[in-house]
Each structure stands twice: as C-alpha cells, then as structure tokens.
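The values are calculated or read from the model by the stated rules, or taken from the named source; none is laboratory data. Keep in mind the model is a prediction, meaning the values are calculated, not measured. Here the Cβ positions follow ideal geometry from the backbone for every residue, glycine too, while neighbour counts run over all protein chains shown.
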Ligand code: P1T
C-alpha cells in the first residue's frame, strides 16, 4: 500500500515515493533485485519476500510510486499493458457482459473479441461520446464498463465523472485506460473510476526501451482480487523492466509539459494546412469535446491524429518523407513517431469496424516527442510538401 503523503506534489512523488535509499547499502537508487527467490531463515520466517512472481522489491517500489501518481492506494505492475488488461478481465466470470468505448487500442479489441469471448464473456462496443449509448447497451448481465479517454487513435473524450456515477448506480466495475492521458494530466480515480490501467510501455516508461503495464485502484477488495490474479496468472514484469519504468517516472512531469507544448504547435499547424481534412487533438478549441477535455484533464498530452486528403497514396508519401518522425508503432517515448492506424496499430479490427469508426486509409497518428518544436513542425511541413 502506498504511504502517500498528501502534501507532496506529483513531481516529488515521482522521484521519492516507494524509493527510500536502500536500507542494506544506502544506494540512492532502488537496486535491481534480480532474484527469483528469497531465503527463509527457518520454515515460514522470511523478510517479506518468498518468490519473485509473488513479490519483488524493485517491482514493489514501482507499484507504490505508480499508485501515488494516480492518487490511488494500491498499484500493481505487469509485464505489458495487455497483461495488465487481461488480469483486470480475470475479475469477471462466464456470462458477464461489459460495455466498452468503441475506439480502443486494436490489441484491446482483439483481446476482448478473440480471447475472452471464448471464455463466455460478452462485450458491446459503443460510441462513448454520447453517454446515452451506454444506457442503451446496459443489460441485466452487464458487470463492467471499460473506457479509454482520450481514445486511441481518434482522440475522442469520454466523460469520466458520468461513467463513474453510471457504474455506481448500476453496480458495474468501472475501468479506465489512462495510457494517453497519463496521471500527470488526468486522474480517473479522482472522478470515481474504480480501476485505472496503463501500458507503461508508453509515457510512463517514456524512452521506448521497455514493455510494461500497470493497474491502480483505491479499493481494498479489488486490490486483493487483482493481487491474487497477478500472482495466480503470473503476468509480472522482470526486475530490470520494473526498474526502467521506475526511472522513467522520475522525469514524467518534465516530459509531459514538452510533449504537450510540441503537440499543440503541430496540431495548430495541421489545422491550417490545406492537405489536411481534419485534425483530432483535444487541446484544439475546435475539437468537438474540448470543453469536456478541459474539465477532466489539466493538459492534453502529446497524441494527435489527422485525416489526409488523398487517402492511402497521400499517407504513403507522408510516411515515407518524414525524417524526425519515425514510422513505428507505439507512442509516448521522447522521440517522435508516426504511424498508419488502419494497417498498423488497428489492423486487428475488422475492416467494417474500422470504417464505421472512421479509421480510414488517410488517417495518420502522431506521437509527438520532446525534440525542439520548430524542428518537428518543419519536418512535417516538408513531408506534407512531398504529397503533390
Ligand atoms: O503494448 P502493451 O504495453 O501491451 O500495451 C497495450 C496498450 C494498452 N492500452 C493502450 C491505450 C495502448 O495504446 C496500448 C498499446 N498501444 C500501442 C502499441 C500503439 O501503438 O497504440
């Protein structure tokens, strides 16, 4: 359990929470406890650790720090975002139904539709910009509501406060994937959401050098059930991976300020470019849900998507001609990335679902890094000029 000190700020918690100097050596940085097991002095007498799937001091430091940053009591770390998601879904039972915001990471859609439906769970994907769609989708078997906000890749916003209240009223477990927002800009637990999940591969790790996931909650009952499943199912991160994410967290606040500043400049440039049909960035006042984004986020993060006029051939030219934006899946690292959701991150969605959502051949997604703003703007302008 995180010993959160209410008077400490985010930046301070990121560096200190769960990370007291090592009692054995005085090391300022939490050591990488690269061990699978721990000695018992005599039967049943140990220093709190028995086996590293169950618990590891490096992982524990990360889990406490993650909990404090989300304003939560309990954190659990996983070997990937998908492992974190699977463990949360393990809380449900055969016959249960979940409402899901329709625009989610392609791998989340795949996990729900192609893995967990085989275990007797059912999922309804609804356009969560209009909360009436959740009301319409509610069934007597509905036990959970799963949202992403901002969504991947269309940057739709889902009303956290409404979802939390709707879940409470209808006895549902509410879960929010906060990967795009990050706890620096958005804290779903604050609005009453039960469980936050993360791909720590992204902004939290921040350097594109580790794959990881996390789950955070304030509820003791949920923590106990999740901790049981973390150990029983076993999707834990290795100590070195936990350490990399912990190191990444230390600079999260600084990085997010720069990600947002750069993203804003690029979104504004794109919004004025004749080759661009539409820009999705919640920080633009023209975003249809800008007011809601402003209510529940303190900043708008570094993810942008936009539709190019000219479809696939225009996309190909743009993707081929950026120098600083590398063509790659993933997001949230210090370096800028560009990708084509329809054939990359969201290729696992059936074509008709992609079309319905508006993930077309002209859609481009940017993960704006922390390089100099002017260099990034110039790189994109230069690549846009190659389209005609
Ligand atoms: O890749 P992994 O750490 O397993 O996390 C999965 C995941 C979960 N939630 C969201 C919102 C995500 O974006 C992801 C992974 N996304 C990408 C790899 C991507 O490029 O969108």
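A few notes on this one:
- Of the candidates 83, 164, 128, the single residue that is closer than 25 Å to residue 235 by Cβ and touching a residue at least 24 places away in the same chain (Cβ under 8 Å) is 83.
- Unmet requirement for residue 99, which otherwise passes all of (1) more than 16 Å from the ligand (Cβ to nearest atom); (2) in contact (Cβ under 8 Å) with a residue 40 or more places away in the chain; (3) not in a strand (DSSP E or B): (3)
- Filter result (closer than 30 Å to residue 244 by Cα, in a loop (DSSP other than H, G, I, E, B) and touching a strand residue (DSSP E or B) at 6+ places or on another chain (Cβ under 9 Å)) within the stretch 80-96: 80, 91
- Among (1) within 16 Å of the ligand (Cβ to nearest atom); (2) without any contact (Cβ under 8 Å) to a residue 60 or more places away in the chain; (3) buried (at least 17 other Cβ atoms within 10 Å of the Cβ) - the single one residue 115 does not satisfy: (3)
- Residue 210 vs. criteria within 23 Å of residue 10 (Cβ to Cβ), within 16 Å of the ligand (Cβ to nearest atom) and either in contact with a strand residue (DSSP E or B) (Cβ under 8 Å, 6 or more places away or on another chain) or not assigned by TED's automatic domain parsing to the domain that holds residue 71 (or both): no
A quick yes/no check of all residues on (1) at pLDDT below 95; (2) part of a loop (DSSP other than H, G, I, E, B):
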position: 7; (1), (2): yes, yes
position: 19; (1), (2): no, yes
position: 22; (1), (2): yes, yes
position: 29; (1), (2): no, yes
position: 34; (1), (2): no, yes
position: 77; (1), (2): no, no
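- For residue 54, the requirement of being over 20 Å from the mean Cα position of the chain (by Cα), buried (at least 18 other Cβ atoms within 10 Å of the Cβ), farther than 30 Å from residue 136 by Cβ and more than 12 Å from the ligand (Cβ to nearest atom) is not met.
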